[in-house]
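Have a look at the structure below, then the notes.
The values are calculated or read from the model by the stated rules, or taken from the named source; none is laboratory data. Just so it is clear, the model here is predicted, and its values are computed rather than measured. In this analysis, Cβ positions are derived from the backbone assuming ideal geometry, glycine residues included, and neighbour counts consider all displayed protein chains. Protein only, heavy atoms only, side chains kept; ligands, DNA and RNA dropped before computing areas. Shrake-Rupley method; radii C 1.70, N 1.55, O 1.52, S 1.80 Å.
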Amino acid sequence: MNRDKSAKAFEASREVLPGGVNSPVRAFRAVGGEPIFVEKGQGAWIEDVDGNRYVDYVCSWGPLILGHAHPDVVKALRDRIGLGTSFGIPTELETRLARKVISAVPSMERVRFVNSGTEATMSAVRVARGYTGRSKLIKFEGCYHGHVDALLVKAGSGAATFGSPDSPGIPPEVTGETMILPYNDLGAFESAMDAHGGEVAAVLLEPVAGNMGLVPPAEGFLAGLRERTAQSGSLLIFDEVITGFRVGLGGAQERFGILPDLTCLGKILGGGLPVGAFGGREEIMRVLSPEGPVYQAGTLAGNPLAMQSGLATLGRIEAPGFYDTLNEKAGQFIQALEGEAHEAEGAIRVQSIGSMFTVFFRSDPVVDFGTASGCDLDRFGAFHRAMLSQGVYWPPSQFETCFVSEAHGEEEFARTLEAARKAFQASIP
Ligand SMILES: *Cc1c(COP(=O)(O)O)cnc(C)c1O
């Protein structure tokens, strides 16, 4: 497979963009080799600048549940774009999309649109602090909530300590109010709440973790968080930027029957255009400016093209049976992939929920960041390179989730399984 044009494009981009990219994981540093530069996408496929085609399991990191360039989304954008692209004045599109979000996501009564998932979590945390009058946060190791200063935290020494910055440029005072705990460990959470519960504004998590690879919540974990936060007057925030409209129309909260106080959305909500949102009970959201004192704003928030793309996407996924069909075909494919992994020598396990999954190079279950860290990253790198050279675009990191879209079908799955058979072999040292 010739990738000369991608190599040249990468050389050129490195002259003007730090690392040649606008988001670090795109640089392929975790898997070796160099990124492909994409020319276009259609359905489940992307084509690079050299004309190579790949079955895409990244799907823009989750948003493209309908696949690339879905006709409904393309038409909605075409219909709208000639009418003006941004006003900074209310449009009815915002109300229409808000109604769809509120009717889909069980705990949301009011919603505010922003431009990214990062903005959604940043603003939800501010609302939680403003509403409770408290400042401490609890987050879980391995959950990613965008690049918000207070949430880019790594564990300090010992259990249940306050975290330290996970990046230079973040003052320790900013992360000093954020406690970081192991995911799926209700005992550690209860101890932290025993010590600090009355000071905790919010407990924030991915209800299904997708940013350390796919890690489902342990039985009783979400219910335990819900019960204790309700007792202590802390808000429970579900970061459903990935899981929202992915594990079902109502997200993880609907699937597991646990309602958070605030929810963060992004990714699928914009159908491939930049959209985020946060929201929750009316009584909480009322603190937000201009109704209340908590300030938050955005020049391009509720952008008409972005709203239109979200409306087209949600319009399709809210059709009866959409998730049954998607999850069933994804489930069959994932089972076959597990079969291939089983045939291959050595430790590989596949974890999944619905149309999201991760192939971990490890034999024991991945339940938290510690177990995820135990994966064989060299093998993953070799697997990734072997998949890419056979025309399958896998996320370029072990700690990411693969996505199946509505556009993936028999042809794509067959090709992927054949490639995976060889790539599992190629990953053996
Ligand atoms: C992607 C992601 C974010 C950040 O969203 P951006 O749009 O990249 O800022 C936040 N939380 C979770 C769970 C995500 O997966």
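Please state which one of Thr299, Thr263, Thr243 is away from the ligand (no atom under 16 Å from the Cβ) and not small (Gly, Ala, Ser).
It is Thr299.
Of the numbered conditions (1) farther than 16 Å from Trp394 by Cα; (2) surrounded by 13 or more Cβ atoms within 10 Å (Cβ to Cβ), Asn2 fails exactly one; give the number of that condition.
With (1) farther than 16 Å from Trp394 by Cα; (2) surrounded by 13 or more Cβ atoms within 10 Å (Cβ to Cβ) applied to Asn2, the lone miss is (2).
Which ones in region 56-78 are in contact with an Asp or Glu (Cβ under 8 Å, 6 or more places away or on another chain) and in a strand (DSSP E or B)?
Hit for region 56-78 is His68, nothing else.
For region 387-426, how many residues are touching a residue at least 40 places away in the same chain (Cβ under 8 Å), outside any loop (DSSP other than H, G, I, E, B) and surrounded by 20 or more Cβ atoms within 10 Å (Cβ to Cβ)?
Going residue by residue through region 387-426, those that are touching a residue at least 40 places away in the same chain (Cβ under 8 Å) are 388-389, 391-409, 412-413, 415-417, 420-421, 423-426.
Filter once more, keeping what is outside any loop (DSSP other than H, G, I, E, B): 388-389, 392-393, 402-403, 412-413, 415-417, 420-421, 423-426.
Those left that are additionally surrounded by 20 or more Cβ atoms within 10 Å (Cβ to Cβ): 388, 392-393, 402-403, 412-413, 416, 420, 423-424.
Of the residues in that region, 11 qualify.
Answer yes or no as to whether Ser103 is surrounded by fewer than 22 Cβ atoms within 10 Å (Cβ to Cβ), in contact with a Leu (Cβ under 8 Å, 6 or more places away or on another chain) and more than 25 Å from Gly20 (Cβ to Cβ).
Numbers: surrounded by fewer than 22 Cβ atoms within 10 Å (Cβ to Cβ): yes; in contact with a Leu (Cβ under 8 Å, 6 or more places away or on another chain): no; more than 25 Å from Gly20 (Cβ to Cβ): yes.
The answer is no for Ser103.
I'm trying to understand the selection: among the residues of region 246-270, which are within 22 Å of Asn327 (Cβ to Cβ) and either outside the structural domain of Ser123 (by TED's automatic domain parsing) or within 11 Å of the chain's Cα centre (by Cα) (or both)?
The answer is Arg246, Leu265, Gly266, Lys267, Ile268.
Give Ala301, Ala297, Ala341, Ala336 a once-over and let me know the one that is at pLDDT below 95, over 16 Å from Leu66 (Cα atoms) and of a type outside the set (Ser, Thr, Tyr).
Working: Ala301 fails: at pLDDT below 95; Ala297 fails: at pLDDT below 95; Ala336 fails: at pLDDT below 95.
Exactly one of Ala301, Ala297, Ala341, Ala336 is at pLDDT below 95, over 16 Å from Leu66 (Cα atoms) and of a type outside the set (Ser, Thr, Tyr), namely Ala341.
One line per residue, one yes/no per condition, for (1) among the hydroxyl-bearing types (Ser, Thr, Tyr); (2) open to solvent by 50 Å² or more (accessible area, probe 1.4 Å); (3) assigned by TED's automatic domain parsing to the domain that holds Ser123; (4) part of a strand (DSSP E or B):
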site: Leu305; (1), (2), (3), (4): no, no, yes, no
site: Ala330; (1), (2), (3), (4): no, no, no, no
site: Leu337; (1), (2), (3), (4): no, no, no, no
site: Ala347; (1), (2), (3), (4): no, no, no, no
site: Gln351; (1), (2), (3), (4): no, no, no, yes
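Cβ-Cβ under 9 Å, sequence separation 6+ or interchain: first residue in region 73-93 and without any contact (Cβ under 8 Å) to a residue 40 or more places away in the chain, partner open to solvent by less than 100 Å² (accessible area, probe 1.4 Å). Which pairs?
Close Cβ pairs satisfying both conditions: Val74/Ala312.
Could you tell me whether any residue of region 121-143 is of a type in the set (S, T, N, Q), assigned to a loop (DSSP other than H, G, I, E, B), more than 16 Å from the ligand (Cβ to nearest atom) and surrounded by fewer than 24 Cβ atoms within 10 Å (Cβ to Cβ)?
Taking region 121-143 as the starting set, the residues that turn out to be of a type in the set (S, T, N, Q) are 121, 123, 132, 135.
Still in the list and also assigned to a loop (DSSP other than H, G, I, E, B): 135.
With the extra rule that they be more than 16 Å from the ligand (Cβ to nearest atom), the set shrinks to 135.
Still in the list and also surrounded by fewer than 24 Cβ atoms within 10 Å (Cβ to Cβ): 135.
So far as region 121-143 goes, yes, one or more of its residues are of a type in the set (S, T, N, Q), assigned to a loop (DSSP other than H, G, I, E, B), more than 16 Å from the ligand (Cβ to nearest atom) and surrounded by fewer than 24 Cβ atoms within 10 Å (Cβ to Cβ).
With respect to Ser352, determine if the residue is at pLDDT 95 or above and closer than 17 Å to Asn211 by Cβ.
Values: at pLDDT 95 or above: yes; closer than 17 Å to Asn211 by Cβ: yes.
The answer is yes for Ser352.
Yes or no: Arg226 under 24 Å from Val111 (Cβ atoms), more than 16 Å from the ligand (Cβ to nearest atom) and either basic (Lys, Arg) or modelled with pLDDT under 95 (or both)?
Answer is yes for this residue.
Does region 17-55 hold any residues that are assigned to a strand (DSSP E or B) and surrounded by fewer than 19 Cβ atoms within 10 Å (Cβ to Cβ), and which are they?
Start the filter on region 17-55 by keeping residues that are assigned to a strand (DSSP E or B), which leaves 38-43, 45-48, 53-55.
Correct list: Val38, Glu39, Lys40, Gln42, Glu47, Arg53.
Kindly establish whether Arg112 is within 16 Å of the ligand (Cβ to nearest atom), under 22 Å from Gly298 (Cβ atoms) and either assigned by TED's automatic domain parsing to the domain that holds Val241 or crowded, with 24+ Cβ neighbours inside 10 Å (or both). Reasoning before the result, please.
Values: within 16 Å of the ligand (Cβ to nearest atom): yes; under 22 Å from Gly298 (Cβ atoms): yes; either assigned by TED's automatic domain parsing to the domain that holds Val241 or crowded, with 24+ Cβ neighbours inside 10 Å (or both): yes.
Spelling it out, Arg112 is indeed within 16 Å of the ligand (Cβ to nearest atom), under 22 Å from Gly298 (Cβ atoms) and either assigned by TED's automatic domain parsing to the domain that holds Val241 or crowded, with 24+ Cβ neighbours inside 10 Å (or both).
Checking Ser86 against (1) among the hydroxyl-bearing types (Ser, Thr, Tyr); (2) assigned to a loop (DSSP other than H, G, I, E, B); (3) outside the structural domain of Glu254 (by TED's automatic domain parsing), which test does it fail?
Among (1) among the hydroxyl-bearing types (Ser, Thr, Tyr); (2) assigned to a loop (DSSP other than H, G, I, E, B); (3) outside the structural domain of Glu254 (by TED's automatic domain parsing), the lone unmet condition for Ser86 is (3).
What pairs come out if I take residues in region 180-209 that are in contact (Cβ under 8 Å) with a residue 40 or more places away in the chain and hydroxyl-bearing (Ser, Thr, Tyr) and pair them with residues that are in a strand (DSSP E or B) and open to solvent by 20 Å² or more (accessible area, probe 1.4 Å) whose C-beta lies under 8 Å away, six or more apart or interchain?
Listed by first residue and then by second, the contacts come to Tyr183/Glu141.
Please identify the pairs in which a residue from region 1-13 that is closer than 15 Å to Leu388 by Cα has its Cβ atom under 6 Å from the Cβ atom of a residue that is open to solvent by 30 Å² or more (accessible area, probe 1.4 Å) and assigned to a helix (DSSP H, G or I), counting only partners at least 6 apart or on another chain.
From region 1-13, the pairs are Met1/Ser389.
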